[in-house]
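Quick note: the coordinates plus some simple rules give every number you see, no bench work behind them. Fair warning: this is a prediction, and the values are worked out from it, not measured in the lab. Ideal geometry is used to build each Cβ from the backbone, glycine not excepted, and the neighbour counts take in all protein chains shown.
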Amino acid sequence: MSIVNCFPLAKKIQEVDDNILVLSYGNLLPGGSSGISMISFGAFMYYSSTSSITSKYGTYLKLKEVMFKNVKSIFAYAFQYQSILSKASFPACETIGASVFGRCVALTEVSFPACKTIDSGVFAYCSALTEVSFPACSSIGGHAFLKCIALTEVSFPECTTIGSTAFQSCTSLEIASFPKCIRISAKAFEGCTKLSQLWLMASSVAIGSSSMLSNTPIALSSYLGYFGSIYVPASLLATYKDAQYWRAYSNRMVGI
């Protein structure tokens with residue numbers, strides 16, 4: 001079942017006012033399932049802070065927190081512009097479409113333990129985002145976390161590919177860990193002006209351009225340690241240093 005037109009299935013755990021809700025979906029129907037497996041294109045997209053609604057569960061809802069236990073897929077723009085949404089939890093979700101949470105400026109925490117794919121722009125301009133949990137994610141799309149200026153540390157233990165500008169201008173990001181990553185596209189970390197540690201443990205990592213780290217401490221300084229370093233397997237240090245585009249950062253690499 002799609003989330004469209006199924007507001008009566010929601011378990012309302014808190015009502016802030018007539019137009020601000022905290023919603024939880026799951027375990028509400030016979031058989032222990034909410035019946036909701038996907039959230040449709042633009043289902044909760046919210047354009048105006050003053051939009052009026054015509055029914056208790058109208059189209060334009062301002063959401064504070066959301067949790068959907070059984071949703072497997074979220075289609076593009078589903079929660080875009082939800083200006084007071086602060087927390088989102090989707091324990092079973094495997095795919096997130098483009099710009100699903102784009103410009104959710106109050107969003108601080110997201111948890112997607114089963115998610116394998118993050119499409120383009122999913123969290124772009126989520127300026128309050130500080131905690132992200134994606135232990136199973138293998139692919140991050142272009143500008144997925146663009147200008148998430150509150151993020152200080154990210155770890156994606158299963159991620160193998162990072163799209164272009166994925167973390168561009170995350171100006172508070174200091175530590176990024178991608179132990180299985182094998183491909184990083186152009187400008188993925190450009191403008192991360194505090195990035196001091198990039199951890200890569202795969203046997204080789206192809207990068208689309210040396211611009212991947214433009215305007216970061218790693219690119220702007222010739223000193224290791226405090227000014228930023230790239231950590232790679234010690235046995236592969238020479239290989240990394242000699243690889244295309246990596247040569248520009250060869251004096252920033254540390255074998256561990």
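Looking at this model, which pairs from Lys194/Lys241; Lys87/Lys147; Lys62/Lys180 are more than 29 angstrom apart at the alpha-carbon?
Working: Lys194/Lys241 23 Å; Lys87/Lys147 18 Å; Lys62/Lys180 38 Å.
The pairs that break the limit, which is 29 Å between Cα atoms, are Lys62/Lys180.
Note the full-extension length gain between Ile182 and Ser235 as 0.36 nm times their separation in residues minus their Cα-Cα distance, in nm to one decimal.
Contour length minus the Cα-Cα distance gives 17.4 nm.
Bin width 10 Å, alpha-carbon pairs only: give the P(r) of the range 46-204 as whole percents, running from 0 to the bin holding the largest distance.
12, 42, 32, 10, 3, 0
Would you mind checking which residues have amide H under 5 Å from Val254's amide H? H placed 1.01 Å from N; only 5 or more apart, or other chain.
HN-HN under 5 Å from Val254: Ile230, Tyr231, Val232.
Using the Karplus curve 6.51 cos²θ - 1.76 cosθ + 1.60 with θ = phi - 60°, work out ³J(HN,Hα) for each residue of the range 147-163 in order, rounded to whole Hz, and write x for Gly and Pro.
Values, residue by residue: 6, 7, 6, 9, 5, 10, 8, 9, 9, 10, x, 10, 5, 10, 9, 10, x Hz.
Mind checking the full-extension length gain between Ile175 and Ser37? Use 0.36 nm per residue of separation minus the Cα-Cα distance, one decimal, nm.
Value of the extension gain: 46.2 nm.
At 7 Å along the Cα-to-beta-carbon direction for both Lys72 and Asp242, put a label point, then send me their distance in nm to one decimal.
My value for the distance between the label points is 4.7 nm.
Starting with the highest mean, order 173-183, 141-151 by the number of other Cβ atoms within 10 Å, averaged over the residues of each peptide.
On the way: 173-183: 18.8, 141-151: 22.1.
So the peptides 173-183, 141-151, ranked by packing, come out 141-151, 173-183.
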